[in-house]
Amino acid sequence: MIAEPVVNGLQAELAGKLTVLRVDINSPAGREMSAQTGSGATPTFIFYDASGNELWRQIGSLDAEKVRASVP
């Protein structure tokens, strides 16, 4: 499964409830963020709560139902 259409759909569906941040890990800022989060594989999806706590992460494909279930 290609992740981008799934992410785009979730972003539209959950607008106002979900913020999607796309990071280019080839950029200096992206390399820094990758080092901080310990994510070396792409794509890596990291789900944070409103307080900035990591709830879960997934590498490769994204489970849209898991995202929906995680959004209050």
Output the residue which, of all residues in the stretch 43-62 that are surrounded by 10 or more Cβ atoms within 10 Å (Cβ to Cβ) and among the polar types (S, T, N, Q), is modelled with the lowest pLDDT.
Ser61
If you go through the stretch 27-42 one residue at a time, do you hit one that is surrounded by 13 or more Cβ atoms within 10 Å (Cβ to Cβ) and touching a helix residue (DSSP H, G or I) at 6+ places or on another chain (Cβ under 7 Å)?
no
Does Val71 satisfy the condition of being in contact with a strand residue (DSSP E or B) (Cβ under 8 Å, 6 or more places away or on another chain) and on the phi < 0 side of the Ramachandran plot?
no
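The values are calculated or read from the model by the stated rules, or taken from the named source; none is laboratory data. Note that the coordinates shown come from a computational prediction; the quantities given were computed from them, not determined experimentally. With ideal geometry, Cβ positions are generated from the backbone for all residues, glycine too; neighbour counts draw on all protein chains shown.
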